[in-house]
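Undergrad: Have a look at the structure that comes next, please.
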Amino acid sequence: MAYIDQFFEVLISAGASDLHLGEGQPPKIRRHGGIIPIREEVLTHDEMAYMMSEISGPDRWQTYLQHGDLDFAYEMNDDSRFRCNFLKQTHGYGCVFRLIPTKIMTLEQLGIPEIVKEFGHMRGGLVLVTGPTGSGKSTTLAALIDYININFKRHIITVEEPIEFVHNNKQSIITQREVPEHASSFAQGLKAALREDADIVLVGEMRDLETIQLALTAAETGLLVFGTLHTNNARKTVDRMIDVFPSDQQSQVRTMLANSLRGVVAQLLMKKTHEAGGGRMAVNEILVVNAAASAIIREGATQKLQDVLVSGKGQGMQFMDDAIWTAMQQGLITPMEAYMKAIDKSRFRLFLGSEGEFVL
């Protein structure tokens, strides 16, 4: 048993999601969005160095000492896996761990709208799952990949940093590759997938021009590409995809995106009310790219996408503020939580009452 496992056991028994360790500070956990210390005594330099080097191993430890950052996954036992990030901070060593559930939840269990399954039925194109850090994008994508794995015979390649959810082959073959262990970058992993007889490629993060360009090309050539971006809604996602490119290439990219984008699933995690059982829930904006959305992307008028989202309800589409509104009306989230996460805040301001007057 590693020295650090005692902290992980506290995190698991508390039902928390993240462990924060920093030299010169007490260890802390994140539970339902809030951060709480788990002991009074601060972590010393020697204690940090011992437990960090123990789980990373000598090679990774040297990489961290040289570069000041390190990402990898650590498996405590069959039931507990962690995404690890080592960093250097003002007081010395630091690290953050996210608990990765070993059991992959279904889309139904996560409360993700039924329409998202349709993206798993597609034979080609680009599907983007977006949202801020910690909004559950990886969890939703793992559920979608598992749905495909159960129902279809496909070859699925994932390129991740690090590998989070471990998939076993069911109907499909799943090849999981980690950056930088198995592929030097997301772009390199994606490029290789084109030669590996893949049907579906999951790109853990689309953060640079080369990766986005390759994803668009792969989607146009008939691969189904799933990717993630740190954007909050469909409109910002389309804008980000195009803005990465130099201005003289943007009209060509708009055409490529209009042809290959199949859908955007934007996700926010919201605190549930005490009456609704506490914890957190996913709220989604869903764009299914139809002829109208495709034309809007091609002409670069992304402000019109909201009209498509609102009018496309019958096709399973959902505008983020409408999804937040529904959750609030059902008493699942407070008016304050709705107001804080909404795009058009004026719509929710009326419901704040005395509770939120100081915010305005």
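The values are calculated or read from the model by the stated rules, or taken from the named source; none is laboratory data. Note that the coordinates shown come from a computational prediction; the quantities given were computed from them, not determined experimentally. Quick reminder, even Gly has a Cβ in these numbers, built from the backbone with ideal geometry, and neighbours come from all protein chains shown. Heavy atoms of the whole protein, side chains included, go into the accessibility calculation; ligands, DNA and RNA do not. Shrake-Rupley method; radii C 1.70, N 1.55, O 1.52, S 1.80 Å.
Undergrad: Among the residues of segment 72-108, how many are without any contact (Cβ under 8 Å) to a residue 60 or more places away in the chain and more than 18 Å from residue 179 (Cα to Cα)?
TA: Total satisfying the criteria: 10.
Undergrad: Still on this model: Limited to segment 151-187, what total is found for residues that are within 16 Å of residue 200 (Cα to Cα) and of a type in the set (Gly, Ala, Ser)?
TA: 2
Undergrad: Only one of (1) in a strand (DSSP E or B); (2) surrounded by 15 or more Cβ atoms within 10 Å (Cβ to Cβ) is not met by residue 87, so which one is it?
TA: Single failed check for residue 87: (2).
Undergrad: Let me ask something additional. Considering only segment 222-241, state which residues are assigned to a loop (DSSP other than H, G, I, E, B) and touching a Gly at 6+ places or on another chain (Cβ under 8 Å).
TA: Answer for segment 222-241, where residues must be assigned to a loop (DSSP other than H, G, I, E, B) and touching a Gly at 6+ places or on another chain (Cβ under 8 Å): 222, 223, 230, 231, 232.
Undergrad: May I pose another question? When only residues in segment 34-43 that are surrounded by 13 or more Cβ atoms within 10 Å (Cβ to Cβ) and not in a strand (DSSP E or B) count, which is farthest from the chain's Cα centre (by Cα)?
TA: 42
Undergrad: Cβ contacts < 6 Å: first residue touching a residue at least 12 places away in the same chain (Cβ under 8 Å) and part of a loop (DSSP other than H, G, I, E, B), restricted to segment 260-281; second residue open to solvent by 10 Å² or more (accessible area, probe 1.4 Å) and charged (D, E, K, R), any location; separation 6+ or different chain. Result?
TA: Partner pairs satisfying both residue conditions: 278/272; 279/272.
Undergrad: Also, I was wondering about something else. Would you mind finding the one in 49, 73 that is farther than 30 Å from residue 238 by Cβ, in contact with a Lys or Arg (Cβ under 8 Å, 6 or more places away or on another chain) and open to solvent by less than 30 Å² (accessible area, probe 1.4 Å)?
TA: Only one candidate qualifies: 73.
Undergrad: Do you know which residues across segment 297-314 are of a type in the set (S, T, N, Q) and surrounded by 15 or more Cβ atoms within 10 Å (Cβ to Cβ)?
TA: 302, 306
Undergrad: I'm trying to understand the selection: among the residues of segment 267-279, which are within 17 Å of residue 133 (Cα to Cα) and modelled with pLDDT under 90?
TA: Result: no residue meets the conditions.
Undergrad: If you scan segment 1-30, which residues turn out to be hydrophobic (A, V, I, L, M, F, W, C) and either open to solvent by less than 50 Å² (accessible area, probe 1.4 Å) or over 23 Å from the mean Cα position of the chain (by Cα) (or both)?
TA: Correct list: 1, 2, 4, 7, 8, 10, 11, 14, 16, 19, 21, 29.
Undergrad: Right, next: Name the residue, out of 209, 261, that is crowded, with 22+ Cβ neighbours inside 10 Å, among the aliphatic types (A, V, I, L, M) and under 24 Å from the mean Cα position of the chain (by Cα).
TA: Sole residue among the options that is crowded, with 22+ Cβ neighbours inside 10 Å, among the aliphatic types (A, V, I, L, M) and under 24 Å from the mean Cα position of the chain (by Cα): 261.
Undergrad: Also, I was wondering about something else. Pairs needed: first member in segment 44-71, closer than 12 Å to residue 85 by Cα; second member anywhere, open to solvent by 30 Å² or more (accessible area, probe 1.4 Å) and of a type in the set (Asp, Glu); C-beta distance under 7 Å; at least 6 residues apart or different chains.
TA: 71/161
Undergrad: Turning to a different aspect of this structure: In segment 300-314, which residues are without any contact (Cβ under 8 Å) to a residue 12 or more places away in the chain and closer than 21 Å to residue 251 by Cα?
TA: Correct list: 301, 304.
Undergrad: Looking only at segment 52-70, which residues are surrounded by 17 or more Cβ atoms within 10 Å (Cβ to Cβ) and hydrophobic (A, V, I, L, M, F, W, C)?
TA: 52, 55, 61, 70
Undergrad: Moving on to the next point. From the list 41, 23, pick out the single residue that is more than 20 Å from residue 134 (Cα to Cα), touching a helix residue (DSSP H, G or I) at 6+ places or on another chain (Cβ under 7 Å), at pLDDT 95 or above and of a type in the set (D, E, K, R).
TA: Result of the check over 41, 23: 23.
Undergrad: Scan segment 338-355 and report the pairs whose first residue is closer than 20 Å to residue 235 by Cβ and surrounded by 15 or more Cβ atoms within 10 Å (Cβ to Cβ) and whose second residue is at pLDDT 90 or above and of a type in the set (Val, Ile, Thr), with Cβ atoms within less than 8 Å and a gap of 6+ or a chain change.
TA: Pairs that qualify, where the first residue is closer than 20 Å to residue 235 by Cβ and surrounded by 15 or more Cβ atoms within 10 Å (Cβ to Cβ) and the partner is at pLDDT 90 or above and of a type in the set (Val, Ile, Thr), are 338/324; 341/283; 341/324; 342/324; 348/324.
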